[in-house]
Amino acid sequence: MSAYLSGSYEELAVQARNHLRNNEYEQARAIYERIYNRLNNLKADTIARRPNLQQLKLSSLRMLGDLATFQGNYDQAISYYETGLAVDPEESLMYRRAIAQAKIDRGDVEAGLDELRALAVMNAGDALPWVWLALELWAQNNTDEAIENLQRATTLSTVDPLHRSEAFSYLHDIYREQNKLDQAEEAWKQAWQVMGQNMEDVSPLYQMYYEAGQLGKAQQRLKQEKNPLRAGFYRGLFAQADGAEQRARSAWEKTAKENPLKYQSGHEAWAEAALRVNHPPQAIIRALRDVNSREMLNIRGTILLAVALARNGQVDGAGRALQAAVDINRRARPPQDLLSSSHWDLFDELVNDEAAKETLKEYFEQEEVGGSQE
């Protein structure tokens, strides 16, 4: 039950957020448009007396721009962002970034990149614009310039350490993609060191070494994992890779007995372990839906929820879960309209129902077999 009065602006905003959680984007857009238009018609002195309404007006405007981008209406999105730039100058960096990204997504790639380059130069002491530019360059396969800009961001010692840490974490991702594992590990260490913290999350390192076929290094790093859900799942995965099937199953069975709701992360690891030892799908569905209601379920966890639903015979529900995973992908940079072929490999391995897989494969990229036909 909402804490706000029925029909109030705040109650409408709650409705819009609920529609977003349920992937009901058109309904959310209609409500945000209603809020913005009504508030935009109020007298300036009325808005001035109620700062909460001014914030709601601006947040609705930003959401309208984001939803238009998400739905592929790039010209409309740019129009909303340009309005925001005029009426909300304190957030000018955010609006200028959004405008540049919308141009890139519209196909005006060089124009968008040039705007991001100009934004970075105009705010040369701020790490974030360099990071934003680097991400778009990386997406366009301009990796050298992306690395150059991330390295520049890491040297700005006067900025928020969190932003420098973010730059190091993206350097880790790029080096990992290039199979420069030593540099990737060093970048990940630096991401923690600039925050003045010990490295608390080692999962990217043991995942990286496992994917590179360096099982010994992966196992050494796994010993530092403090999250029981991730530790248990990966112990099983590494045992399986070592040919120890019984040890793998034992690790997964132990993990499946954990209560995933006790932990802040690692839910997808628990789900995959549970699925691999044929834990009751209903129990997995209940747990992952609970995690999802707290907005803590990542894209892999969402795909594993779809696996559990498919195993339980709920193919329509699995489709809705996969659509939610696709929507997460579409909000990423760069946006992707389908789940990756590696995600399909996971889904294909864990679901035995061929009819269900045939129905649901439309949500995934499919690797082409053979040459093209003229």
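The values are calculated or read from the model by the stated rules, or taken from the named source; none is laboratory data. As the structure is a prediction and not an experimental result, all values here were calculated from the model. So basically every Cβ, Gly included, is an ideal-geometry build from the backbone, and we count neighbours across all protein chains shown.
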- request: Give the stretch 113-172 a look and list any residue that's over 20 Å from the mean Cα position of the chain (by Cα), closer than 17 Å to W192 by Cβ and among the hydroxyl-bearing types (S, T, Y), or say none.
  value: T154, S157
query: Here are some residues: A118, A139, A124. Which one is in contact with a Pro (Cβ under 9 Å, 6 or more places away or on another chain) and surrounded by fewer than 21 Cβ atoms within 10 Å (Cβ to Cβ)?
result: A139
query: Would you say R247 is in a helix (DSSP H, G or I), surrounded by fewer than 19 Cβ atoms within 10 Å (Cβ to Cβ) and touching a Gly at 6+ places or on another chain (Cβ under 9 Å)?
result: yes
- prompt: With (1) over 18 Å from the mean Cα position of the chain (by Cα); (2) assigned to a loop (DSSP other than H, G, I, E, B) as the list, and E272 as the residue in question, which single condition is left unmet?
  reply: (2)
- request: Sort out for me the helices (runs of 4 or more DSSP H) sitting completely within the stretch 1-115 that have 3 or more residues that are among the aliphatic types (A, V, I, L, M) and at pLDDT 95 or above.
  value: 25-40, 51-70, 74-87, 92-106
- line: Note on the stretch 274-295: residues closer than 9 Å to A308 by Cβ and touching a residue at least 40 places away in the same chain (Cβ under 8 Å) are L275
Filter result (in contact with a Pro (Cβ under 9 Å, 6 or more places away or on another chain) and farther than 24 Å from R235 by Cβ) within the stretch 174-215: V194, M195, G196
message: One residue is enough: does the stretch 26-34 have a residue meeting the conditions surrounded by fewer than 19 Cβ atoms within 10 Å (Cβ to Cβ) and among the aliphatic types (A, V, I, L, M)?
response: yes
Every residue from the stretch 187-242 that is free of Cβ contacts under 8 Å to residues at least 24 places away in the same chain, small (G, A, S) and part of a loop (DSSP other than H, G, I, E, B): G213
